[in-house]
Amino acid sequence: MSQLHNSIEPNVIDDEMLQKAVEEQLPKNIRQLAERERITFKDVTELQLSFRNILQIDNLWQLENLTKLQLDNNVIEKIEALESLVHLVWLDLSFNNIEIIEGLDTLVKLQDLSLYNNRISKIEHMDTLQELQIFSIGKNNLTNLEDVIYLRRFKNLRTLNLTGNPLCDNEEYTLFVFAHLPDLVYLDFKLVSDTTVSISAFPACEIRQQPLTHHLLCWCASNIPAFRAGSLQKSGSQKHAAAFVEYLNGSFLFDSLYEEDTEAAKVAYLPGVTKYLDSGVTYRKEFVSVCENLFNYGLKEYEKREAEVSDFYKFLREALTANQQEGRKIILDFENRKKRRLDEIQNASSYDIAESKRAEYKEDILQLSKALMTLEMLLADQLEELIKDFKGNIAVIASTFIENVKEIYPFATFSLTIICTMTQCRDLENSHHEKLLEISITTLEKSVKNELDEDLPADVQMLLVDKNTIVTAVSMSHSIRLRKIDKQESDILSNTYRW
């Protein structure tokens, strides 16, 4: 049992929880209507039940048309009561206490399944999930590489996450996975490169005989970012995420600050605040402008990085192709000489002549070995130089990026521009909060003196009971918005560090 389970009363999914969850995910303009008239569950297609301390799955039979279900971050111990959700395409059961994969037999349309961070020790009981494309089972207790073989039955599987399981510590892990699942596009958050897949086709003994080239190619496969020449084209939000500037174009981030902020709506009704907001939109304009500056600059830097990675793979393919062609030529020449040597030995007129020809043949084999080893060493040197240049070029891009950021944001104290941007966003929010607080207290003073000229809604009047009430409301609203800014910063930084 988790600490959360021990300290808070666990829940079972009931009608009240479902109704509340459905209402919470509705747009604000129809939420009040939904509260008056209970929603018909059969019309719901997506449902989020995250962070509700759910111990047992139950009562979902009414959601017969559900296609997306989030049950992450609960204390669920068993996968059950999902048999009626036959239209489910997306299921998230991450961050629970599940030990056995079961109860999925009827989910034949399921394409995306996350069991990340549970207690599962074996991949099993998933035979009917033939539409599965994305499977995340990282941070579990998988110890046996043979579990990977079970996944061969899923012909559409393209994305797999196993990271954080004990089996990942096996030195043959990566090659084993690629050898048994050659159609994977992403493994453990990284794009599968053609080079890595080709290496996995070699027998283990051959790989051990090619230590220099093998290790260099594995470095390329595991450390180059998951976008390369000829990779999947990114557009829209995918490209924005790859550039680390997701949700920074336009007013997306600013608008999200108020999505769950009920106190802000009440404070906005205060006469002084209304006049302040109507007099100009400096706060919003400056906030959006800061985000858009980073967004545009981030996209330009992304294009530079993508071009550099593309060039790296181009040069890598050229080096490998040239090396392979030269190797084939050397071997073909040897094969021609070998046939001639064998004929000479077979047709030798005396034993001494035959021995002489045999000695020449052995020397030819020795020279072949040296030529191939020299060729391999040359390739290793080329790849080391290529990697060195690549690292150097990326370092230049990064340092230039940092210097430009310091010019744009002179107060920056950290090398990543996102911190600079979010610091500025926080400064704007703090300034806005101080102004709201000042106006709210002034409005309270007018209310005490009966100097307000207009009637206010009852819930807004409740804010004007005393100074502590109004300050608490404004500060709570401020805290909600700051947390949103912090979360945006954290999300983007984690992706940046991963790159």
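The values are calculated or read from the model by the stated rules, or taken from the named source; none is laboratory data. Here the structure is a predicted model, which means the values were calculated and not measured. Note that we place each Cβ from the backbone using ideal geometry, even for glycine, and neighbour counts take in every protein chain shown. Note: areas computed on protein heavy atoms with side chains; ligands, DNA, RNA excluded. Shrake-Rupley method; radii C 1.70, N 1.55, O 1.52, S 1.80 Å.
Just to be sure I follow: if Rg is taken over the C-alpha atoms of segment 11-199 and Rh is the Kirkwood radius over the same atoms, what is Rg/Rh? Rg/Rh: 1.03. Put simply, the amide H of E102, placed in the peptide plane, has neighbours under 5 Å in I79, leaving out anything fewer than 5 places away on its chain. If the segment from E171 to D311 were pulled out straight at 0.36 nm per residue, it would be longer than the present Cα-Cα gap by 47.4 nm. Ligands, DNA and RNA are left out, and with a 1.4 angstrom probe the accessible area of segment 300-345 is 63 Å² per residue. Applying the Karplus relation 6.51 cos²θ - 1.76 cosθ + 1.60 with θ = phi - 60° to segment 175-186 yields 3J(HN,Hα) values of 5, 4, 4, 5, 5, 8, 10, x, 8, 4, 9, 10 Hz, where x marks Gly and Pro. As a fraction of the 1.4 Å probe accessible area of segment 254-390, surface on carbon and sulfur atoms comes out at 54 percent. Averaged over residues, the count of other Cβ atoms within 10 Å places the peptides 151-159, 86-94 in the sequence 86-94, 151-159, highest first. About its Cα centre, the dipole of segment 11-199 is roughly 420 debye, where the only charges are +1 on Lys and Arg Cβ and -1 on Asp and Glu Cβ. Between I394 and K155, what is the spin-label point distance in nm, taking each point 7 Å from the Cα along the Cα→C-beta axis? Those two pseudo-labels are separated by 3.7 nm.
How would segment 60-116 be classified by its alpha-carbon gyration tensor: rounded, prolate or oblate, with rounded meaning a/c under 1.5 and the a/b versus b/c comparison settling the rest? It comes out prolate by the Cα gyration axes.
Protection proxy ranking for 73-84, 458-469, using the average of other Cβ atoms within 10 Å per residue and placing the highest first: 73-84, 458-469. 3J(HN,Hα) along segment 314-320: 4, 5, 4, 5, 4, 5, 5 Hz, from the Karplus curve 6.51 cos²θ - 1.76 cosθ + 1.60 with θ = phi - 60°, whole Hz, x for Gly and Pro.
A simple spin-label model places pseudo-atoms 7 Å from Cα toward Cβ; at K339 and S251 they are separated by 7.9 nm. If R₀ is 35 angstrom, what is the calculated FRET efficiency for the pair Q62 and H125, using the beta carbon separation as r and rounding to 0.05? About 0.90, to the nearest 0.05. Projecting label points 7 angstrom from Cα along Cα→Cβ for E292 and A319 puts them 4.4 nm apart.
Quick one: net charge around I98, please, counting Lys, Arg +1 and Asp, Glu -1 for every other residue with C-beta under 13 Å from its C-beta.
Here the count lands on -3.
Taking amide hydrogens as placed 1.01 Å from N in the peptide plane, the amide H of N11 sits under 5 Å from those of I54, L55, Q56, each at least 5 positions away in sequence or on another chain.
Put simply, the amide H of L191, placed in the peptide plane, has neighbours under 5 Å in A226, leaving out anything fewer than 5 places away on its chain. Residue by residue, segment 328-335 carries 3J(HN,Hα) couplings of 4, 5, 4, 5, 5, 4, 5, 4 Hz when phi is fed to the Karplus relation 6.51 cos²θ - 1.76 cosθ + 1.60 (θ = phi - 60°); x denotes Gly or Pro.
Given a Förster distance of 51 Å, report the FRET efficiency between E445 and D491 from their Cβ-Cβ distance, rounded to the nearest 0.05. E(calc), rounded to 0.05, equals 0.80. Across the accessible surface of segment 11-199, with the other protein chains kept in place and a 1.4 Å probe, carbon and sulfur atoms take up 46 percent. Based on protein heavy atoms only, segment 74-143 ends up with 39 Å² per residue of surface accessible to a 1.4 Å probe.
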